[in-house]
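Peer 1: Below are the structure tokens for one structure; questions will follow.
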Amino acid sequence: MSAKKVLIILATLTSSKSFSLSTKATELPIPPRYEGRLSADGERVFELNVRDGKVNFFDGVATSTRGINGNILGPTLYAKRGDTVKLRVTNQLDEATTMHWHGMHLPAKMDGGPYQVIKPGAEWVSTYPIKQLAATLWYHPHLMGKTGLHVYQGLAGMFILEDEVSANADIPKEYGYDDIPVIIQDRRFTADGQLQYIESPRDIMRGMLGNRILVNGALEPRWQAPAKLVRLRILNGSNARVYNLGFSDKRIFHQIATDGGLVERPVPLRQFRLAPGERTELLVDLSKDLGKSLSLAGFYRNREGKSESFPVLAMTVAEAFAGPKETIPNKLAKITWFDPDTATTKRHFALTMGQGGFRINNLTMDMSRIDEQVTLGSQEIWSISTNMMIHPFHIHDIQFQIISRGGNPPEPWERGWKDTVLIYPGEETRVTMQFLDYADPDIPYMYHCHILEHEDAGMMGQFVVVKKEEQP
């Protein structure tokens with residue numbers, strides 16, 4: 001699929017003027033920062049309750065939703081490299097679910113995938129040490145066949161990791177003031193203001209696309225921003241929509257992190273692409289914009305080839321800043337780059353869809369089948385391709401580096417640690433990674449398309465990591 005056709009998908013969004021219900025004016029909600037509590041044995045303990053909720057997106061209408069410790073979405077979890085976290089998840093729903101820690105390096109039995117099912121009324125505890133770099137991760141259900149529905153109903157949240165490098169970096173750090181979570185999700189509503197999910201086979205084939213934008217669980221909110229350098233942690237939490245993001249005034253901003261951590265140097269951009277499951281961090285200079293209004297916007301080309309946009313997050317620069325002048329840092333972090341020539345194993349994954357269903361390497365997901373076996377400590381190269389539409393490809397447990405796209409270097413905004421990568425038809429994408437610390441011959445990790453309806457329909461596989469001496 002060409003870049004132009006990818007962007008046309010964005011044009012299906014409708015404006016609030018064409019919707020019969022009146023939208024409530026909403027300030028951007030900031031999910032509460034939750035650091036857990038330190039237990040007597042030094043573990044950082046988080047209590048997470050998965051529950052039904054109600055949200056008033058429209059005047060006089062209560063929309064049924066689901067949330068974690070609230071009516072929609074969940075708190076922003078905070079932990080530091082070196083912490084041992086204990087996440088106690090209680091399922092207060094009337095059906096089973098799971099809770100997956102997307103982007104986290106952890107034992108397979110703690111991953112929260114399809115094997116760690118939490119039955120109604122039950123509790124599941126995930127405990128593991130934080131062994132990775134500072135990053136903006138997230139968490140969401142991963143129940144076999146129902147991941148898309150549960151995320152669509154509101155079950156998701158950010159998980160922020162810090163380390164010494166991020167703590168000492170000269171970048172905004174005050175959560176909720178100049179360090180802002182931005183969880184972008186598109187949703188479709190019925191005429192009476194309820195969430196609408198999968199109305200036709202087309203919603204499965206292309207993935208569930210909405211016609212309204214939620215940010216941090218609010219419909220079309222506005223952020224009252226300070227007139228200073230601000231940091232936006234952006235998560236594409238949509239089920240299927242790919243966004244081409246920039247600012248309404250076409251200004252330059254700087255990317256400072258990819259999915260799995262800080263980049264080496266800030267990357268100046270005017271636009272970038274973000275697929276479902278991907279995260280990025282931006283620095284935006286608002287110091288000269290006091291009193292102005294602008295928006296984080298989604299850009300696309302209409303059917304006549306003209307550039308158009310729609311607002312994702314409206315903002316008014318409403319608060320003066322009296323602090324010292326701030327600048328974009330020259331350096332952020334040192335990345336140890338893998339040498340592709342040292343990889344010991346190469347694998348290929350072909351994502352296909354058609355009359356045979358949604359498949360990887362001609363197989364649909366089967367929990368009774370292990371698709372790949374990986375050796376602990378090995379460096380591998382995975383080549384991923386697709387035959388039709390775009391697919392964001394996610395690998396559990398590890399962060400990888402993109403080697404190439406169709407033989408060319410990755411996009412500027414992809415040059416760092418990644419756990420999700422967008423795959424284009426006819427363009428083989430090669431990534432490299434190393435599998436460290438955790439081996440389990442019985443409990444697998446997943447790899448899958450992160451268009452959640454494709455994942456639920458079978459575009460997923462599983463791999464185990466084994467010690468060399470455990471190999472047959």
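Rule-based calculations on the coordinates, nothing more; no lab input. Keep in mind the model is a prediction, meaning the values are calculated, not measured. Every residue, glycine as well, gets a Cβ built from its backbone with ideal geometry; the counts of neighbours run over all protein chains shown.
Peer 1: Among 446-452, 165-171, what's the highest-first ranking by average C-beta atoms within 10 angstrom per residue? Don't jump to the answer; show the numbers that get you there.
Peer 2: Numbers: 446-452: 26.4, 165-171: 15.4.
With the highest mean Cβ count within 10 Å placed first, the list reads 446-452, 165-171.
Peer 1: Could you pull out every one of the aspartates and glutamates with an alpha carbon less than 20 Å from that of residue 119, ignoring same-chain neighbours closer than 8 positions?
Peer 2: 47, 52, 94, 95, 111, 456
Peer 1: Here's something else I'd like to know. When only C-alpha pairs under 8 Å and at least 6 residues apart count, what is the relative contact order of segment 225-376, in percent?
Peer 2: Relative contact order of segment 225-376: 25 percent.
Peer 1: How much mean residue ellipticity at 222 nm does the chain get from its helices, if each DSSP H run of length 4 or more adds -39500 (n - 2.57) and you divide by all residues, to the nearest 500 deg cm²/dmol?
Peer 2: Numbers: 5 runs with 27 residues, N = 472.
Calculated from helices alone, the mean residue ellipticity at 222 nm is -1000 deg cm²/dmol.
Peer 1: To the nearest 20 debye, what is the magnitude of the charge dipole of segment 31-168 about its Cα centre, counting +1 on the Cβ of each Lys and Arg and -1 on the Cβ of each Asp and Glu? Walk me through the intermediate numbers first.
Peer 2: Working: 14 positive and 14 negative charges, 27 e Å.
It comes to approximately 140 debye.
Peer 1: Could you tell me which of rounded, prolate or oblate describes the chain, using a ≥ b ≥ c as the square roots of the eigenvalues of the alpha-carbon gyration tensor, with rounded for a/c under 1.5 and, failing that, prolate when a/b is larger than b/c and oblate otherwise?
Peer 2: Values: a/c = 1.26, a/b = 1.20, b/c = 1.05.
Note, shape of the chain comes out rounded.
Peer 1: If you don't mind, there's one more thing I want to ask. Label points 7 Å out from Cα along the Cβ direction at residue 388 and residue 198: separation in nm?
Peer 2: Here the answer is 1.6 nm between the modelled labels.
Peer 1: Of 142, 305, 324, which is farthest towards the positive pole of the chain's charge dipole, taken about the Cα centre with +1 and -1 on the beta-carbons of Lys, Arg and Asp, Glu respectively?
Peer 2: Sorting the options by dipole projection puts first 305.
Peer 1: Run the dipole for segment 179-319 about the Cα centre, Lys and Arg Cβ at +1, Asp and Glu Cβ at -1, nothing else charged, and hand back the magnitude in debye, nearest 20.
Peer 2: On the way: 21 positive and 16 negative charges, 71 e Å.
So the magnitude is around 340 debye.
Peer 1: Hey, with R₀ at 60 Å, roughly what FRET efficiency would residue 325 and residue 355 work out to, going by the Cβ-Cβ distance, to 0.05? Intermediate results must be reported in sequence, preceding the final value.
Peer 2: Working: r = 61 Å, r/R0 = 1.02.
In this case the efficiency is close to 0.45.
Peer 1: How far, in nm, would the chain grow between residue 337 and residue 52 when pulled straight, counting 0.36 nm per residue and subtracting the alpha carbon separation? Let's see the in-between values first.
Peer 2: On the way: separation 285, 0.36 × 285 = 102.60 nm, distance 4.40 nm.
Length gained between residue 337 and residue 52: 98.2 nm.
Peer 1: Just add up the charged neighbours of residue 345: K/R +1, D/E -1, any other residue whose Cβ is under 10 Å from the Cβ of residue 345. Don't skip to the end; give the middle numbers.
Peer 2: Details: positive: 346, 347; negative: 372, 380.
With Lys, Arg at +1 and Asp, Glu at -1, the net is 0.
Peer 1: OK, next. Contact order normalised by length for segment 173-248, with contacts defined as Cα pairs under 8 Å and 6 or more residues apart; what percent is it?
Peer 2: Values: 107 pairs, mean separation 33.5, N = 76.
After rounding, I find 44 percent.
Peer 1: Does anything in segment 235-257 have its amide N under 18 Å from the 7 Å Cα→Cβ label point of residue 190, and if so which residues?
Peer 2: It comes to no residues whatsoever.
Peer 1: Cα convex hull of segment 179-319: mean projected area in nm², to one decimal? Before the final figure, lay out the partial values.
Peer 2: Numbers: hull surface 39.3 nm².
So the Cα hull casts an average projection of 9.8 nm².
Peer 1: Can you list the HN-Hα couplings for segment 304-318, worked out from phi with the Karplus curve (6.51, -1.76, 1.60; θ = phi - 60°), rounded to whole Hz and with x for Gly and Pro?
Peer 2: Using θ = phi - 60°, the values come out as 8, x, 8, 6, 9, 8, 9, x, 9, 9, 6, 9, 10, 7, 10 Hz.
Peer 1: Which net charge results for the neighbourhood of residue 94, defined as the other residues with beta-carbon distances under 12 angstrom from its beta-carbon, given Lys and Arg at +1 and Asp and Glu at -1?
Peer 2: Numbers: positive: 51, 66, 119; negative: 52, 95.
With Lys, Arg at +1 and Asp, Glu at -1, the neighbours total +1.
Peer 1: Taking +1 at the Cβ of each Lys and Arg and -1 at the Cβ of each Asp and Glu, which of 22, 362, 214 sits farthest along the dipole of the chain towards its positive end, judged by Cα position relative to the Cα centre?
Peer 2: 22
Peer 1: May I pose another question? Quick check: net charge around residue 229, other residues with Cβ under 10 Å of its Cβ, Lys/Arg +1 and Asp/Glu -1? Before the final figure, lay out each step's value.
Peer 2: Details: positive: 228, 231, 325; negative: 170, 178, 285, 326.
Value of the local net charge: -1.
Peer 1: Where in segment 122-163 is the amide nitrogen less than 17 Å from a point lying 7 Å along the Cα-to-Cβ axis of residue 41?
Peer 2: 124-130
Peer 1: To continue, here is another question. What length, rounded to one decimal in nm, is gained on full extension from residue 30 through to residue 122, with 0.36 nm per residue of separation minus their alpha-carbon distance? Mind showing how you got there, number by number?
Peer 2: Details: separation 92, 0.36 × 92 = 33.12 nm, distance 2.88 nm.
Between residue 30 and residue 122, full extension yields an extra 30.2 nm.
Peer 1: Here's another thing I want to ask about it. I'm checking a number: the convex hull volume of the Cα atoms of segment 31-168, normalised per residue, in Å³. What is it?
Peer 2: On the way: hull volume 15.7 nm³, N = 138.
It is 114 Å³ per residue.
Peer 1: For the chain, what is the relative contact order in percent, using Cα pairs closer than 8 Å and at least 6 residues apart in sequence? List each step's numbers first, then the result.
Peer 2: On the way: 1272 pairs, mean separation 70.6, N = 472.
RCO, the chain: 15 percent.
Peer 1: Which value, in debye to the nearest 20, gives the size of the charge dipole of the chain about its Cα centre, when Lys and Arg are +1 and Asp and Glu are -1 at the Cβ? Intermediate values should be presented prior to the final figure.
Peer 2: On the way: 53 positive and 55 negative charges, 265 e Å.
Using only the charged Cβ atoms, the result is roughly 1280 debye.
Peer 1: Would you please classify the overall shape of segment 340-470 from the alpha carbon gyration tensor, given that a ≥ b ≥ c denote the square roots of the eigenvalues, rounded means a/c under 1.5, and beyond that prolate means a/b larger than b/c while oblate covers the rest?
Peer 2: On the way: a/c = 1.91, a/b = 1.09, b/c = 1.74.
Because a/c hits 1.5 or more and a/b fails to exceed b/c, segment 340-470 counts as oblate.
Peer 1: Mind checking which of 55, 38, 117 is farthest towards the positive end of segment 9-118's charge dipole, using Cβ charges of +1 (Lys, Arg) and -1 (Asp, Glu) about the Cα centre?
Peer 2: 38
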